[in-house]
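Visitor: Right, I'll just put the structure down here and ask away after.
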Amino acid sequence: MKNATDSDGVKTTCPYCGVGCGVVAGRGADHSFTTTGDVTHPANFGRLCSKGSALNETLSLESRLLHPEIEGRCASWPEALDRVASDLTRVRDTHGPDAIAFYLSGQLLTEDYYVANKLAKGFIGTPHVDTNSRLCMASSVAGHKRAFGEDIVPQCYDDLEQADLIILAGSNTAWCHPVLYQRIQKARQERGTKVVVIDPRRTATCEGADLHLAITPGTDQHLWNGLFVALADRGRIDFQYIRARTEGFAKALAVARNENATLLKTARNTGLLAADVKTFFNWWCDTEKVVSCYSQGINQSHQGTDKVNAILNCHLATGRIGKVGCGPLSLTGQPNAMGGREVGGLANMLAAHMGFSDAEREIVGTFWDAPNLVTGEGLKAVQMFDAIAEGRIKALWVMGTNPAVSLPRADEMRANLSKLDTLIVSENVSVNDTVVAAGIRLPASAWSEKDGTVTNSERRISRQRGFVEPAGEARPDWWIMQEVAQRLGYRDGFSYTGPAEIFREHARLSGFKNDGERVFNISALADITDQDFNDLEPIQWPVTDSHPDGVARLFNDTAFPTPNGLARLLPIENPTLAEKVSDDWPMLMNTGRIRDQWHTMTRTGLTARLSTHLPEPFISLHPKDAATHDIAANDIVVAETRHGRMVARARLTDDQKPGDVFAPIHWSGTNASDARIGALLTGPADPVSGQPEAKAMPSRISRLPVTFHGRIFSRKPAAPQNTAYWSLAKTSFGTATTFATTAETVDWNAWAAQVLPDGETVMFEDADMSVFRMAVFHDGRLEAVLTVSNQYQSTSPAWLESAFSGTFQTAAERRGVLSGQTLDGQPDEGPIVCVCYQVGANTIATAIASGSGTPEAVGKTTCAGTNCGSCVPELRRLINQTAKSKQNTAAKVVVEAAE
Ligand code: SF4
């Protein structure tokens, strides 16, 4: 094992997506923190995406919860912990242990997850422990268990560099797993690997693809069933493997043939061109080394588990699994969703990949010496919050997640929180939609402060190491729970000295009475010393005496963890959407992540750089739908489903299919007026996995009749009053607030007096009152600028950056601020594309117009794309768009000449 700290800094892992990149946290020449990619980490070999590269900019104490709070007042730790213990005891004694629930997060470390699960399921005696991974990957878990007998990802990232064909199903990999996307693109360039994207939207990922299948939402089973039939009809089934290693083949194939007997039928069922389906089938059938990656587009569905098994069927039928460059690979959303799954963080798992059979309960109960071991599964996320409304759950402890924003029917779920007797929240942040509802707020250590392990999408356990002191009175989650456990009388089971001891116990349990029935086994790490734990190098489980260095791939030549050792092919019925479009709800809404933000922006929202790419909540729609609804680009749009509404900026794009709309998941009640996407999610859950639908919801859109568009650039966040829409974004000098009104007339002078800070003002209003501008100064320093117009104007904060750092002595200088020009005379960058070097679309367009015809050439001229590389797909898109429009112009000239 190698030392975790060297002269370059502390080795840790990125807290965002499931790629699990290694990060080195160090100090720059000015002693400020730096975060760079760890060149020795096998997930990223030194690469980081835009989010990972900006980690060092997120370490401020701004918005941190620093002290325990009870009913809004600061409390000491002993008082807060006593109160948690007494509330839980009261609820348990009055209503039984089933009235207590824990809602956890893929952001927690494995050790925190382990303690929460043990406390709830073994000692308090409530089975109701679930996690936000339910919203993210539960369908993959269920699909793996149905096919393999255990929740196992058989492949590793190296396979992406060894494959000849990579399928990206329901995955905007370029934005959601950017470092893996870069590894895929390297393989494409170096060995000619073909890439197929299956996604209703033409995403940035398609810029590096050889084929894009813009599938009709919810029809993935048809495509994979059709492929299964094609594999059979073209003699590509590996019957030796089928006979020796699997069961269920004949029935699965027979069901797949229903409705998908021919390529044409598959094309019709999926809304794809027959030629494209044929190409996909040809490539998949004729390429031995194929990796099928799948992510939220598959999982977040009413039929997510079936979709996963439809993919696994094709790999099992051809024996293309567990081999170099060949197999299915689920791309996990969160940094430690996998670790949570390992310890039993999901309501339908007990611990260490064990369920609730008598034998498994006996193993776990004995190992924990548990006084109150639960007897069966608990409520899954959506059920849990519905049970609160029904009065069955009385006490809820939320850790590191924001269900009031992220759950389906989020308005209803947020209201449910008020029905609890006790809401306890362990959090980093002082304000979010869930924290503000909590009676007891416990400050938890954040990334950069806490210590433990996480597991990424390829089963690789990596250390997350602290490198700064905890902020205020923040404590690790495991410590908080241990203190409560001791107050509940469970001192014996909860007297850990630190995360190393918890990890050792977790490792011991994985090997306890495990004669090979459970593949999840890290028992070779059960006796590591604290120093070994500190120095632990990234390693892929299982880690056993026979495989002390871990295992890269599984199931090539080993039995599956089913009772008979055989994998199962599942009969996958034809899909039907849980909710169909209708005259009232004619559009299908899809949701997802954007490139530079993470979850509800509590960390990424702290950096100005990451807020420049897509600073506002938006709704993407096709120009034809926009025309039908009288919507123009940058209008403010209302999107509604049966459960809620959101208000956001319209983005018109033919990347979106007509009839579909897309909205990002990141905005919450703290940074936008009405952009909580969870409020719109109708949430019918997959019957097997319990994962709610988030990709195909019947909806409708309309234009908000805006009278004025405005922006406030200010040092402190402004609170725009009487507006129909607002959103906030971080800037280098403070905050940019965007708003829109629907009132016919507004006295902007009076409005500004209420909203802007006090100070000396300069003002401009044009004759017809269609434009209003005001700037506020204090001691010659610019405090705020307000711009209002009856037309939308693409104003980026860049033109004011130098103004907020300068001083303005004369009236003429102050009036100059209202000119709308960059003060240093530089041209406006336009919308920022490259956040690393803050290069905007206008600069890139100039470079392309001057002959830069590749991302590399644009990078040489402008620096764009030359650091983290996350914007390279967009550079490629801008280059292609320019080439296309040149061709169109040339064609028009030819036609006109001919006429
Ligand atoms: Fe973090 Fe980006 Fe790596 Fe994901 S790809 S782990 S967000 S650096």
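The values are calculated or read from the model by the stated rules, or taken from the named source; none is laboratory data. These figures come from a predicted structure and were not determined experimentally. Note that each Cβ is placed from the backbone with ideal geometry, even for glycine, and that neighbours are counted across all protein chains shown. Just so you know, the surface numbers come from the protein's heavy atoms only, side chains and all, with ligands and any DNA or RNA stripped out. Shrake-Rupley method; radii C 1.70, N 1.55, O 1.52, S 1.80 Å.
Visitor: Could you look through the range 39-72, keep only residues that are in contact with a Leu (Cβ under 9 Å, 6 or more places away or on another chain), open to solvent by less than 20 Å² (accessible area, probe 1.4 Å) and of a type outside the set (S, T, N, Q), and pick out the one that is farthest from Asn867 (Cα to Cα)?
Guide: Pro68
Visitor: Does Gly690 satisfy being part of a loop (DSSP other than H, G, I, E, B), touching a helix residue (DSSP H, G or I) at 6+ places or on another chain (Cβ under 7 Å), in contact (Cβ under 8 Å) with a residue 40 or more places away in the chain and open to solvent by less than 20 Å² (accessible area, probe 1.4 Å)?
Guide: Values: part of a loop (DSSP other than H, G, I, E, B): yes; touching a helix residue (DSSP H, G or I) at 6+ places or on another chain (Cβ under 7 Å): yes; in contact (Cβ under 8 Å) with a residue 40 or more places away in the chain: yes; open to solvent by less than 20 Å² (accessible area, probe 1.4 Å): yes.
For Gly690, the condition - part of a loop (DSSP other than H, G, I, E, B), touching a helix residue (DSSP H, G or I) at 6+ places or on another chain (Cβ under 7 Å), in contact (Cβ under 8 Å) with a residue 40 or more places away in the chain and open to solvent by less than 20 Å² (accessible area, probe 1.4 Å) - is met.
Visitor: Same structure, new question: Look through the range 158-175, keep the residues that are farther than 18 Å from Ile311 by Cβ and within 13 Å of the ligand (Cβ to nearest atom), and return whichever of them is least open to solvent (accessible area, probe 1.4 Å).
Guide: Ala174
Visitor: Next question, about the same structure. What number goes with the only condition from (1) surrounded by 19 or more Cβ atoms within 10 Å (Cβ to Cβ); (2) touching a helix residue (DSSP H, G or I) at 6+ places or on another chain (Cβ under 8 Å); (3) of a type outside the set (Val, Ile, Thr); (4) within 30 Å of Val229 (Cβ to Cβ) that Ala578 does not pass?
Guide: Exception for Ala578: condition (2).
Visitor: Just a yes or no: is a residue in the range 612-619 part of a helix (DSSP H, G or I) and under 23 Å from the mean Cα position of the chain (by Cα)? Steps first, please.
Guide: Filtering the range 612-619 for residues part of a helix (DSSP H, G or I) gives none.
No; the residues of the range 612-619 include none that is part of a helix (DSSP H, G or I) and under 23 Å from the mean Cα position of the chain (by Cα).
Visitor: Kindly establish whether Thr89 is away from the ligand (no atom under 16 Å from the Cβ) and either open to solvent by less than 20 Å² (accessible area, probe 1.4 Å) or modelled with pLDDT of 95 or more (or both).
Guide: Yes.
Visitor: When the range 302-337 is examined, which residues are found to be hydrophobic (A, V, I, L, M, F, W, C) and farther than 18 Å from Ser171 by Cα? Please lay out each step first, then the result.
Guide: Of the range 302-337, the ones hydrophobic (A, V, I, L, M, F, W, C) are 308, 310-312, 314, 316-317, 321, 324, 326, 329, 331, 337.
Residues satisfying the conditions are Cys314, Leu316, Ala317, Ile321, Val324, Cys326.
Visitor: So which of Gln464, Gln482 is within 16 Å of the ligand (Cβ to nearest atom) and surrounded by 20 or more Cβ atoms within 10 Å (Cβ to Cβ)?
Guide: Details: Gln482 fails: within 16 Å of the ligand (Cβ to nearest atom).
Residue meeting the stated conditions: Gln464.
Visitor: Can you pull out the residues in the range 50-72 that are polar (S, T, N, Q), touching a residue at least 40 places away in the same chain (Cβ under 8 Å) and within 16 Å of the ligand (Cβ to nearest atom)?
Guide: Scanning the range 50-72 gives Ser50, Ser53, Thr58.
Visitor: Another question, if that's okay. Conditions: (1) surrounded by 20 or more Cβ atoms within 10 Å (Cβ to Cβ); (2) closer than 30 Å to Arg645 by Cβ. Asp584 meets all but one. Number of the miss?
Guide: Here Asp584 meets the rest and fails (1).
Visitor: Go through the range 19-49 and count every residue that is assigned to a loop (DSSP other than H, G, I, E, B), more than 7 Å from the ligand (Cβ to nearest atom) and of a type outside the set (A, V, I, L, M, F, W, C).
Guide: So the count comes out to 10.
Visitor: Return the pair list, or none, for Cβ contacts closer than 7 Å from residues in the range 18-33 that are touching a residue at least 24 places away in the same chain (Cβ under 8 Å) to residues that are away from the ligand (no atom under 16 Å from the Cβ) and in a loop (DSSP other than H, G, I, E, B), at least 6 apart or on different chains.
Guide: Listed pairs, sorted by first residue: Ala25/Phe467.
Visitor: Just a yes or no: is a residue in the range 705-721 aromatic (Phe, Trp, Tyr) and under 30 Å from Glu57 (Cβ atoms)?
Guide: Yes, because at least one residue in the range 705-721 is aromatic (Phe, Trp, Tyr) and under 30 Å from Glu57 (Cβ atoms).
Visitor: Return yes or no: is Ala75 out of contact with any Leu (no Cβ under 7 Å at 6 or more places or on another chain), open to solvent by 20 Å² or more (accessible area, probe 1.4 Å), at negative phi and away from the ligand (no atom under 16 Å from the Cβ)?
Guide: no
Visitor: Considering each residue of the range 589-608, count those that are within 14 Å of the ligand (Cβ to nearest atom) and more than 26 Å from Ser702 (Cα to Cα), and give that number.
Guide: 9
Visitor: Select from the range 1-14 the residues that are modelled with pLDDT under 95 and either in a strand (DSSP E or B) or near the ligand (Cβ under 10 Å from one of its atoms) (or both) and list them in ascending order. Outline the logic, then answer.
Guide: So the first thing to find is which residues in the range 1-14 are modelled with pLDDT under 95, and the list is 1-9.
Result: Thr5, Asp6, Gly9.
Visitor: Does Pro371 meet the test of being in contact with a strand residue (DSSP E or B) (Cβ under 7 Å, 6 or more places away or on another chain), of a type outside the set (S, T, N, Q) and in a loop (DSSP other than H, G, I, E, B)? Give the derivation first.
Guide: On the way: in contact with a strand residue (DSSP E or B) (Cβ under 7 Å, 6 or more places away or on another chain): no; of a type outside the set (S, T, N, Q): yes; in a loop (DSSP other than H, G, I, E, B): yes.
Taking the combined requirement at face value, the residue does not satisfy it.
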